[in-house]
Amino acid sequence: MSEATKKTPALETVEPIGKRVLIRKDEDKKQTKSGIHLPDKMEIPTLTGRIVSVSAEVAADVKYPIEQYDRVLFNPKEAIPVDFEGDNRLFVVPIENIVAVFRKTH
């Protein structure tokens, strides 16, 4: 079989459906703002992350000014973890659980 006839494996992607977005959660904090190092066993839930993907329904709705790569604050209560990567930082989150979008003013 020649190199040209070999099929390259298709890349698998995750696309949220309905009023949901896909978020990559920020790294958990290992140190407080005052410089105190936290033990590995102590986990402070991180509620911020970056939008990886937005469902077509959310993208078409002008009520939700959220785009790919936006940094957001979200409520993780109804977030569904996506076992897609080894680090388990991807979550499908209902749009209602996005509570804020970080914006830079110019």
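Computed from the coordinates by the stated procedures, all read-outs in this text should not be read as laboratory data. Nothing here was measured: the structure is a model prediction, and the numbers come from that model. As a convention, Cβ positions derive from the backbone with ideal geometry for all residues, glycine included, and neighbour counts pool all protein chains shown.
Structure notes:
- Least to most buried among Tyr69, Tyr64 (fewest other Cβ within 10 Å first): Tyr69, Tyr64
- Ordering of 72-82, 96-106 by packing is 72-82, 96-106, highest average first (other Cβ atoms within 10 Å, averaged per residue).
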